[in-house]
Amino acid sequence: MARAVTNQRKAINTAAAWIIGLLIFFPILWTILTSFKSEAQAIADPPIFLFFDWTTENYSTVMERSNYARFLWNSIFIAGGSTILGLIIAVPAAWSMAFVPSRRTKDILLWMLSTKMLPAVGVLYPIYLLFIQFGLLDNVYGLTFVLMLINLPIIVWMLYTYFREIPGEILEAARMDGAGLREEIFFVLTPMALPGIASTLLLNFILAWNEAFWTLNLTAAKAAPLTAFIASYSSPEGLFYAKLSAASTMAIAPILILGWFSQKQLVRGLTFGAVK
Amino acid sequence: MHLRTAFCAVSALALTAGAAVAQATLTIATVNNGDMIRMQGYTDQFTAETGIGVEWVTLEENVLRSRVTTDITTKGGQFDIMTIGMYETPIWGANGWLVPLDDLSAEYDAADILPAMAGGLSHDGTLYAAPFYGESSMVMYRTDLMEKAGLEMPDAPTWEFIREAAAAMTDRDADINGICLRGKAGWGEGGAFITAMSNSFGARWFDMDWNAQFDTEAWANTLNFYKGMMDESGPAGYATNGFNENLSLFNQGKCGMWIDATVAASFVTNPDSSEVADSVGFALAPDNGLGKRSNWLWAWALAVPAGTQQEAEAKQFIEWATSKDYIELVAENEGWANVPPGARTSLYENPEYQKVPFAQMTLDSILSADPNDSTVEESPYVGIQFAAIPEFAGIATQVSQEFSAAYAGQQSVEEALEKAQAITNEAMEAAGYR
């Protein structure tokens with residue numbers, strides 16, 4: 001009897017998970033389907049779900065009109081660079097906060113996080129003027145630096161909570177065995193916190209990939225990433241939904257593939273520390 | 001010998017590289033509209049003719065506006081040419097942020113630009129942006145449904161006729177709405193429509209002392225008429241419909257009439273995108289017999305920001321893109337219906353273009369709009385669907401949100417007007433106008 005109830009509950013849970021998963025995925029699925037429709041089919045009322053004349057014309061048009069490879073490369077560079085740079089700074093910062101805390105550590109952590117509460121537009125002009133001063137406008141290095149700064153509080157917070165899970169005694173033992181600070185961080189702490197570091201890396205890569213305020217405002221032709229690529233297909237005066245969907249699909253495809261292959265690490269990391 | 005060959009090769013490569021570096025490349029910010037995208041396709045011809053390269057930054061209209069405003073106010077120098085409209089041009093020209101276009105070549109024939117467009121893109125008589133294409137607004141209607149309703153659309157209808165025709169054409173069972181109009185919040189969306197409409201009802205945004213005028217009978221009449229007509233004959237959820245939503249409805253045969261930008265005429269008469277392409281008629285935007293019609297005037301124009309290092313090359317591009325020759329080029333390759341409209345007088349004198357069904361009504365609409373005299377009573381501002389002051393965009397966005405909330409039934413028309421009055425007066429006081 002108990003077994004039957006358990007199986008029934010399992011089935012309900014599975015069904016609920018599938019329904020929620022499909023609901024969340026539906027907008028992405030709809031975007032992908034729309035990208036294979038003609039513009040007229042894209043706005044048809046009632047909407048056409050699967051039975052339409054599939055066409056790849058929108059992809060051809062988008063590829064012809066835009067230099068997709070350049071946008072893609074800029075996205076990879078900016079998202080990858082800002083995440084790695086952020087990790088290099090955040091690992092020692094999180095280590096010191098987790099294992100050598102001071103009276104002010106909690107306040108500093110809270111203050112760091114509070115910078116995320118400021119609307120980005122509030123500091124647009126100061127940052128824009130600084131970028132002009134340093135010749136960093138429309139420059140991938142400048143944008144990498146800004147995105148690193150923006151995501152740094154989240155990286156530090158996530159790593160801090162992962163590191164807190166690791167018993168300090170293990171590090172003490174390593175020190176007694178003669179490990180220096182470098183060995184302690186790289187050979188003892190890092191391997192133990194690897195799932196956490198991996199999920200921090202992936203999550204911040206996704207955040208940087210999708211960032212659409214600074215990437216639109218600080219770039220023009222050379223450093224523009226895929227967010228600008230999508231924005232170039234949106235129009236309030238003209239029905240280009242199918243082309244916009246094709247551009248969106250091309251912009252999210254790399255990150256979807258990355259997410260698909262790294263989902264195990266991502267889930268493991270997210271349930272290991274910070275946001276469990 | 002080998003050394004000399006290597007030296008020659010290196011020198012030749014260096015010279016080639018030097019020449020490549022010396023070639024100018026213009027960075028142009030533009031909107032994602034059909035005519036602009038078409039122009040991008042012809043850019044290679046400009047490069048072939050002049051040796052000047054072009055890099056495009058194409059953005060959605062609101063993103064573009066925010067992006068170029070940030071750049072020009074901080075002298076960021078990111079763009080050599082900016083695509084801006086009639087709202088920004090006189091303000092930026094007055095601030096000295098744009099290079100005057102008063103030395104364009106004789107072949108360019110600046111005098112050929114339609115006077116209404118040149119006037120709206122100038123400050124103190126100096127042209128600061130060259131119109132790429134211009135638009136007004138007009139009535140687009142289904143000739144078959146009008147005939148079925150037993151009515152005949154006059155060339156210059158009144159609002160009363162439009163309301164009557166809308167009610168007669170509405171067939172809820174067949175999913176046909178008599179009229180589709182913008183109701184979406186945003187100063188360039190529903191805000192632009194209702195402001196242009198209010199002109200024909202005798203309303204204005206400000207009196208001569210910059211006091212808000214939403215507490216007048218004229219504004220109450222405008223909003224009550226709009227809401228009454230749309231509730232009777234408009235589509236469900238009209239409060240959130242903008243240009244694209246109405247275009248979609250019209251093209252699917254779900255609107256009897258649509259009053260919107262003249263550029264839409266080429267979309268609704270294109271059989272590839274419109275199911276009703278062969279049964280569309282055109283008329284001037286309606287009036288109320290007060291001497292002002294409800295059509296607006298707008299142009300997307302190319303301007304050179306002050307401080308660009310490539311002023312001469314930028315002007316060269318502008319001359320190319322807004323020239324008579326460019327229009328000929330597009331007509332030759334894509335037909336006269338697809339040339340950028342509303343910018344040059346000579347286009348409307350061309351017998352080939354006169355054959356396009358909406359050409360004459362577009363011209364008549366543009367000619368009947370005067371940004372310097374848009375209201376029945378005297379007003380202190382220039383502009384038809386906007387007031388060309390820097391504060392307008394922010395104020396009008398908030399006001400249009402209140403109006404949209406009234407259309408959606410979330411508040412009454414009276415409440416919306418009261419809030420609009422308070423928002424506007426407060427902002428104008430803070431800005432030092434009052």
Fill in: Alpha carbon centroid spacing (whole Å) that separates the stretch A:10-31 from the stretch B:193-240
45
Worksheet item: Using a Förster distance of 22 Å, how high is the FRET efficiency between residue A:256 and residue A:76, based on the Cβ-Cβ distance and rounded to 0.05?
Response: 0.95
Worksheet item: Once the Cβ-Cβ distance between residue B:370 and residue A:45 is put in as r, and R0 is 60 Å, what FRET efficiency do you end up with, to the nearest 0.05?
Response: 0.95
Worksheet, complete the sentence: Helix-only [θ] at 222 nm, chain B, -39500 (n - 2.57) per DSSP H run of 4+, per residue, nearest 500, equals -13500 deg cm²/dmol
Worksheet item: By a straight-distance test (C-alpha under 13 Å), which aspartates and glutamates pair with residue B:292 as possible cross-link partners, with residues fewer than eight away in the same chain excluded?
Response: B:370, B:373, B:377, B:378
Discussion item. Taking θ = phi - 60°, what integer Hz values does the Karplus form 6.51 cos²θ - 1.76 cosθ + 1.60 yield along the stretch B:107-115, in sequence order, with x for Gly and Pro?
Written reply: 5, 5, 6, 4, 5, 7, 5, 3, x
Discussion item. Test of understanding: ordering A:209, B:298 by Cβ neighbours within 10 Å, fewest first, what list do you get?
Written reply: A:209, B:298
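About the Cα centre of the protein assembly as shown, what is the dipole size in debye to 20, counting +1 per Lys and Arg Cβ and -1 per Asp and Glu Cβ, all else neutral?
So the dipole magnitude of the protein assembly as shown works out to roughly 4140 debye.
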Worksheet entry | Estimated distance in nm for a label pair at residue A:169 and residue A:54, the labels positioned 7 Å out from Cα along Cα-to-Cβ | 6.0
Response to the item:
Given backbone amide H placed at 1.01 Å from N, residues whose amide H is under 5 Å from that of residue B:176, ignoring those fewer than 5 places away on the same chain, are B:171
Worksheet item: Among the aspartates and glutamates, which fall within straight-line cross-link reach of residue A:10, defined as a Cα-Cα distance under 12 Å, with same-chain neighbours fewer than 8 residues apart omitted?
Response: none
Practice prompt. Could you tell me the number of lysine pairs in the stretch A:66-272 with C-alpha atoms less than 29 Å from each other, where the two lysines are 8 or more residues apart or belong to different chains?
Written response: 4
Practice prompt. Mind jotting down the distance between the C-alpha centroids of the stretch B:54-81 and the stretch A:75-122, whole Å?
Written response: 31
Worksheet item: Given a Förster radius of 25 Å and the C-beta distance between residue A:120 and residue A:96 as r, what FRET efficiency does 1/(1 + (r/R0)^6) yield to the nearest 0.05?
Response: 0.35
Worksheet item: Using modelled backbone amide H atoms (1.01 Å from N, in-plane), which distant-in-sequence or interchain residues come within less than 5 Å of residue B:127's amide H?
Response: B:101
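Each reported figure results from applying straightforward, stated rules to the coordinates on display, with no laboratory input. On a predicted model such as this, the values are computed, not experimentally measured, just so you know. Positions of Cβ are backbone-derived with ideal geometry, glycine not excepted, and every protein chain shown enters the neighbour counts.
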